[in-house]
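What follows is a set of notes on a single structure, which appears directly below.
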Amino acid sequence: MAAALQLLPRVARAPLLPLLWGGPVARLASGMALAEQAQQLFESAVGAVLPGPMLHRALSLDPGGRQLKVRDRSFQLQQNLYLVGFGKAVLGMAAAAEELLGQHLVQGVISVPKGIRAAMEHAGKREMLLKPHSRVQVFEGAENNLPDRDALRAALAIQQLAEGLTADDLLLVLISGGGSALLPAPIPPVTLEEKQTLTKLLAARGATIQELNTIRKALSQLKGGGLAQAAYPAQVVSLILSDVVGDPVEVIASGPTVASAHNVQDCLHILNRYGLRAALPRSVKTVLARADSDPRGPPSCGHVLNVIIGSNALALAEAQQQAEVLGYRAVVLSAAMQGDVKNVAQFYGLLAQVAGSRLTPSIAGASVEEDAKLHELAAELQIPDLQLEQALEAMVGARGPVCLLAGGEPTVLLQGSGKGGRNQELALRVGAELERWPLGHTDVLFLSGGSDGQDGPTEAAGAWVMPELASQAAAEGLDVATFLAHNDSHTFFCRLQGGTHLLHTGLTGTNVMDIHLLFLRPR
């Protein structure tokens, strides 16, 4: 399942066997061995949400090949199956779907990031590529994750395919993160440039992602249920790989197969809030006025089945299961970690201190004040469904190593011009936090990695740290605070011990945000 991943070449690959803790074996176990275990759990998490496994869990053909089964629903097949897709992970999803569906697939069109086929081929990920003579037409566009003319051509080809379907047809829609930029289809007379300018102005004035999506949907032919409407009266099945906290189907790729819950008045309210209503181009005013007077109202999506087939929670569940096989007491904290990376790092540092003190209660550990600060910080971060108490209670009953798992997408406020990504920045900040707290007789390791295999504009997926990080860095003349001030985490990890702390996977072909792993091992 995880064969497509290649982990650190510097660390000898250890078999997935339970570690033996206690006695001389524990004393001999090195930080590098623990890091290897951490990377194997990261690998298992990503492996659970690779396109092949996901598609085969979601789709199946009956033995006679006359019906397509999607979870508990069945659809008749009679040379009536079409496919469209858009998103960073859709190339591999389409390859897996075509392999499964074979001759049942009549035609397909997908919109994927510029250069992705060459990148997958270079990485040796042939399972992510469509076969020669594929029935799926591939458009590459949205360079640097921005809608462009190439993505517009792809969107129009997808729209044309959808509008040509009949009531006897079935449209399979593959959606993943990045799909919004890969499906730009402004409602005429709005141009792509006008729509981009408006969304950039809103973003610069502090509009939330929800507000940006509301505007995008109102000005799009395909977002906000528009693709589903274009395909009507055909049946539509959307298979969605979520890269959004909480997996809201109306937000992922701006919900092309989900009816929008917003109207023109919502758009005008947003534009007023940010002082942009008076400066709107005439084309935008025309489209909003037309929608406001449309007696049909927003598109209905009763002919659509939307299915989340991959998510951060699914990846974490797989890693939790593997951690238990390895002998860990494993608890998933949350699949919705978000907030400023500084606060998230402080949370993990405090968590390591408080949890460690409960894991080895005979050793003087966290104070009541530190415990209270941890809970106060958790409340400030407003993390949905955070299982903090469950995790801390698990420490008391644990008789060996513990692994706390989480996922999500913290944010980094850029202050410098260094090179890095949110995972490497988070790991570096957690390393600095771990040094601040006395951890007693507990070994601690933290790993943060992007499930897509690329953290920011770097070739690393993330990094791992232990409390010794700052002292190791100082011995090599590296000052952690200076690198953090310049958002230069990648340069730091490249220089530290020859890059040993970096997590290298190459492009994985999937994306369900980030994976965080915190290991605590009593000595």
Q: Within segment 330-346, track down each residue that is open to solvent by less than 30 Å² (accessible area, probe 1.4 Å), in contact with a strand residue (DSSP E or B) (Cβ under 8 Å, 6 or more places away or on another chain) and outside any strand (DSSP E or B).
A: G339, V341, V344
Q: For residues that are under 19 Å from A185 (Cα atoms) and part of a loop (DSSP other than H, G, I, E, B), scanning just segment 205-246, find the one that is most open to solvent (accessible area, probe 1.4 Å).
A: Y232
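Being of a type outside the set (S, T, Y) and closer than 30 Å to G52 by Cβ narrows it down to one residue among L241, L276; which is it?
Numbers: L276 fails: closer than 30 Å to G52 by Cβ.
Going through L241, L276 in turn, the sole match is L241.
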**Q.** Filter result (open to solvent by 10 Å² or more (accessible area, probe 1.4 Å) and hydrophobic (A, V, I, L, M, F, W, C)) within segment 421-436
**A.** A432
Q: Answer yes or no: is there a residue in segment 410-421 that is touching a strand residue (DSSP E or B) at 6+ places or on another chain (Cβ under 8 Å), modelled with pLDDT of 95 or more and not in a loop (DSSP other than H, G, I, E, B).
A: no
Q.
Which pairs turn up if I take residues in segment 86-102 that are closer than 11 Å to V138 by Cβ and look for partners that are of a type in the set (D, E, K, R) with beta carbon separation below 8 Å, at least 6 apart in sequence or on another chain?
A. L91/R117; A95/E127; A95/K131
Q: Take segment 441-464 and flag every residue that is outside any loop (DSSP other than H, G, I, E, B) and open to solvent by less than 10 Å² (accessible area, probe 1.4 Å).
A: T442, V444, L445, F446, L447, S448, G449, G450, G462, A463, W464
Q. Within segment 29-47, is even one residue open to solvent by 10 Å² or more (accessible area, probe 1.4 Å) and not in a helix (DSSP H, G or I)?
A. yes
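Somewhere in segment 478-491, is a residue part of a helix (DSSP H, G or I), within 23 Å of the chain's Cα centre (by Cα) and surrounded by 17 or more Cβ atoms within 10 Å (Cβ to Cβ)?
Keep residues of segment 478-491 that are part of a helix (DSSP H, G or I), which gives 480-485, 489-491.
Checking the rest, the ones that are also within 23 Å of the chain's Cα centre (by Cα) come to 489-490.
Narrowing further to those that are surrounded by 17 or more Cβ atoms within 10 Å (Cβ to Cβ): 489-490.
Yes, segment 478-491 contains a residue that is part of a helix (DSSP H, G or I), within 23 Å of the chain's Cα centre (by Cα) and surrounded by 17 or more Cβ atoms within 10 Å (Cβ to Cβ).
For a quick check of your reading: which helices (runs of 4 or more DSSP H) sit entirely within segment 103-204 and have at least 2 residues that are aliphatic (A, V, I, L, M), out of contact with any helix residue (DSSP H, G or I) (no Cβ under 7 Å at 6 or more places or on another chain) and surrounded by 14 or more Cβ atoms within 10 Å (Cβ to Cβ)?
Details: elements: 116-122, 149-163, 192-204.
Because the criterion is at least 2 residues that are aliphatic (A, V, I, L, M), out of contact with any helix residue (DSSP H, G or I) (no Cβ under 7 Å at 6 or more places or on another chain) and surrounded by 14 or more Cβ atoms within 10 Å (Cβ to Cβ), the helices (runs of 4 or more DSSP H) in segment 103-204 that meet it are 149-163.
Quick check, is S334 of a type outside the set (D, E, K, R) and modelled with pLDDT under 95? So that I can check it myself, show each step before the final result.
Details: of a type outside the set (D, E, K, R): yes; modelled with pLDDT under 95: no.
Criteria not met by S334.
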Q) Can you tell me how many residues in segment 49-95 are over 21 Å from V304 (Cα atoms) and buried (at least 24 other Cβ atoms within 10 Å of the Cβ)? A) 8
Q) If you go through segment 292-311 one residue at a time, do you hit one that is crowded, with 17+ Cβ neighbours inside 10 Å, in contact (Cβ under 8 Å) with a residue 24 or more places away in the chain and assigned to a helix (DSSP H, G or I)? A) no
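The values are calculated or read from the model by the stated rules, or taken from the named source; none is laboratory data. Values in this document were obtained by computation on a predicted structure and should not be read as measured data. Reconstructed Cβ throughout: ideal geometry from the backbone, glycine too, with neighbour counts over all protein chains shown. Surface areas here come from the heavy atoms of the whole protein model, side chains and all, with no ligands, DNA or RNA. Shrake-Rupley method; radii C 1.70, N 1.55, O 1.52, S 1.80 Å.
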